[in-house]
1. With part of a helix (DSSP H, G or I) and modelled with pLDDT under 75 as the only criterion, which of 4, 65 stands out?
2. Right, residue 164: modelled with pLDDT under 85, assigned to a helix (DSSP H, G or I), among the polar types (S, T, N, Q) and within 27 Å of residue 7 (Cβ to Cβ) or not?
3. Which of the residues belonging to the stretch 103-134 are within 20 Å of residue 79 (Cβ to Cβ), exposed (fewer than 14 other Cβ atoms within 10 Å of the Cβ) and of a type in the set (A, V, I, L, M)?
4. Within the set of pairs 6+ apart or on separate chains, which have a first residue in the stretch 220-246 that is assigned by TED's automatic domain parsing to the domain that holds residue 190 and surrounded by 10 or more Cβ atoms within 10 Å (Cβ to Cβ), a second that is at pLDDT 75 or above and not in a helix (DSSP H, G or I), and C-beta atoms under 9 Å apart?
5. I need the full set of residues from the stretch 96-145 which are without any contact (Cβ under 8 Å) to a residue 40 or more places away in the chain and among the basic types (Lys, Arg), in order please.
6. What are the residues in the stretch 17-51 that are over 22 Å from the mean Cα position of the chain (by Cα) and exposed (fewer than 11 other Cβ atoms within 10 Å of the Cβ), if any?
7. State yes or no: is residue 97 more than 23 Å from residue 145 (Cα to Cα) and either touching a Lys or Arg at 6+ places or on another chain (Cβ under 6 Å) or among the aliphatic types (A, V, I, L, M) (or both)?
8. Have a look at 93, 76, 3, 10 and point out the one that is on the phi < 0 side of the Ramachandran plot and in contact (Cβ under 8 Å) with a residue 60 or more places away in the chain.
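The values are calculated or read from the model by the stated rules, or taken from the named source; none is laboratory data. Note that this is a predicted model, so its numbers are computed, not measured. Don't worry about glycine lacking a Cβ; one is built from the backbone with ideal geometry, like all the others, and counts go over all protein chains shown.
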Amino acid sequence: MSLRVKINMLITLLMLVFIGSTTAIQLRDAKQQIQEEITAGTKVANQLLPYFLARAQLLSQGKDREDALKNFLKNLGRIRAHEVRMFNSIGDLIYDSPPSKYKAGRNAPKWFSNLVSPKIEPFIIPAQALTVQVIPNPSRAILDAWDDLRELAILGLFFFVFVNLFVFWIIGKALNPIKDIVSGLNKMQKGDFQTRLPSYNVTEFNSVTAGFNQMANAIEQGLKENRKLALAIEQSPDFITFPFLIVLR
């Protein structure tokens, strides 16, 4: 595995840790916000709804009481993030609040709902022979949190891919001198002692190339001196006197 790939894998791992931590924080904040919204709505409904139901009963009598409460609840419509149901004395459902029109037909995935859904119990308001049940329904708030998280995830995915490609390209550019250094060493190994490396913008690579070029100059200069010495020996009278002298070139 090349150094370029190893560095890119390390940066990718760090980015995944960062994205995972950010997602965990986002989920925690979303759950807390949903909890606060539903709790506040439940408190308001629990304080105001019994008063208005009692007032509606006082303004009606006998059999008209049930119709009066139903009309009151119909006019009330839907309480934010709550469902209102009314049951008669034998437990039959006689009123159910209309579904929310906000982002109708859409719901967050079940696993996400289970992850951020608050644990708030419904409460019951007795109305003589009738029973009004108020049930917290955070599905719209959960859907908002899911949409926000999905947009963040899409943005994070594009950012992740872009940064990885950019880092891979930058690392490749930064490590290009290594290819030149390896190529120069291979040429030196094959006997091309005139090989020289260019200068680079990176201080560390410049130090390596300076040492390489200095070594190449020393080797080339040594070879030149050896050739001169060999030529001088060949032209010397002693070369004839001592024919057994062998000069390596």
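1. On the way: 4 fails: modelled with pLDDT under 75.
One residue alone meets the criteria, 65.
2. Values: modelled with pLDDT under 85: no; assigned to a helix (DSSP H, G or I): yes; among the polar types (S, T, N, Q): yes; within 27 Å of residue 7 (Cβ to Cβ): yes.
No, not satisfied.
3. Within the stretch 103-134, 104, 124 qualify.
4. From the stretch 220-246, the pairs are 220/193; 220/194; 223/193.
5. Matches in the stretch 96-145: 101, 106, 110, 119.
6. Looking only at the stretch 17-51, we keep the residues that are over 22 Å from the mean Cα position of the chain (by Cα), and these are 34-51.
Those that are over 22 Å from the mean Cα position of the chain (by Cα) and exposed (fewer than 11 other Cβ atoms within 10 Å of the Cβ): 43, 47, 51.
7. Numbers: more than 23 Å from residue 145 (Cα to Cα): yes; either touching a Lys or Arg at 6+ places or on another chain (Cβ under 6 Å) or among the aliphatic types (A, V, I, L, M) (or both): yes.
Spelling it out, residue 97 is indeed more than 23 Å from residue 145 (Cα to Cα) and either touching a Lys or Arg at 6+ places or on another chain (Cβ under 6 Å) or among the aliphatic types (A, V, I, L, M) (or both).
8. Numbers: 93 fails: in contact (Cβ under 8 Å) with a residue 60 or more places away in the chain; 76 fails: in contact (Cβ under 8 Å) with a residue 60 or more places away in the chain; 10 fails: in contact (Cβ under 8 Å) with a residue 60 or more places away in the chain.
Checking each option against the conditions leaves just 3.
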